[in-house]
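These notes concern the structure reproduced below.
The values are calculated or read from the model by the stated rules, or taken from the named source; none is laboratory data. Just so you know, these numbers come straight off a predicted model, no measurement behind them. No Cβ is skipped: glycine too gets one built from the backbone with ideal geometry, and neighbour counts run over all protein chains shown.
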Amino acid sequence: MKVADHFYVYLWDNPRENNCNTVFIDGKVPVLIDPGHLHRVPNLKERMIADGVDPEKVKVVIVTHAHPDHFGGATAFKHAKTALSLQEEEFIEKVAAPMYARQGAEMPNYRIDFYLQDGDLILGKHEFRILLTPGHSPGGLSVYWPRYKALFPGDVVFSQSIGRVDLPGGDVKALQGSVQKLSELEVDLIVPGHGPAIQGASNVLKNFDFIKKAFFGAM
């Protein structure tokens, strides 16, 4: 679904199967954030084509973290460069492969072309800010797009919830720090890794306040 100029969001709303939300940002360097499960990529591509977007245009795939429902589909975009954090690649090598096997998924034959870290990222004419936000996963990251005050936090925060920390590499204290870090941004729209988007600055603030009180006891 087209949200604004160059900005497309594909929410996953099939309750019968888990998959992540995906963001596509068009431009000189078209970027896809979190392609989802590999076997669900054909559905994603169909939705992109219906919006007049050619999936073959994607030049960069950013992965917020390496769980199968976010990272698996990266291999379907072999013509694009794949990026995540260095910490998350270390996690892949040590932990993710057994996790994929437990979920009945095959570890993708992945290739990481460049690493992301805290700081600015310029792709074509679009300027983003990368924030390392561990907790749900050791090397998880979030993408902030100042142009639209839009935040793509992966599985750090959802609508009135947070990412689970009971999977390998989960850390509740690290997640609390990541939530605080994101709450300090000026945000009008959150597109989380799963579930509905959170729209409007006041709703975003209310959501962060709810999460801090409900999950971390912050007053």
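Quick one: in segment 155-211, of everything that is in contact (Cβ under 8 Å) with a residue 24 or more places away in the chain and of a type in the set (Asp, Glu), which residue is surrounded by the fewest Cβ atoms within 10 Å (Cβ to Cβ)? This residue is 186. Residue count for segment 28-51, restricted to those that are over 22 Å from residue 143 (Cα atoms) and either of a type in the set (Phe, Trp, Tyr) or touching a strand residue (DSSP E or B) at 6+ places or on another chain (Cβ under 8 Å) (or both): 2.
Being aromatic (Phe, Trp, Tyr), in contact with an Asp or Glu (Cβ under 9 Å, 6 or more places away or on another chain) and crowded, with 21+ Cβ neighbours inside 10 Å is a property that residue 91 lacks. Please find, within segment 1-18, the residue that is farthest from residue 43 (Cα to Cα) out of those that are in contact with an Asp or Glu (Cβ under 8 Å, 6 or more places away or on another chain) and modelled with pLDDT under 95. My answer is 6.
Per the listing 104, 119, 73, the residue uniquely more than 19 Å from residue 156 (Cα to Cα) and without any contact (Cβ under 8 Å) to a residue 12 or more places away in the chain is 104.
Candidates in segment 20-66 are the residues that are part of a helix (DSSP H, G or I) and acidic (Asp, Glu); of these, the one that is surrounded by the most Cβ atoms within 10 Å (Cβ to Cβ) is 56. Yes or no: segment 31-38 includes at least one residue that is at pLDDT below 95 and either on the phi < 0 side of the Ramachandran plot or out of contact with any Leu (no Cβ under 9 Å at 6 or more places or on another chain) (or both). Within segment 31-38, one or more residues are at pLDDT below 95 and either on the phi < 0 side of the Ramachandran plot or out of contact with any Leu (no Cβ under 9 Å at 6 or more places or on another chain) (or both).
I need the full set of residues from segment 1-53 which are acidic (Asp, Glu) and in contact (Cβ under 8 Å) with a residue 60 or more places away in the chain, in order please.
34, the sole residue that qualifies.
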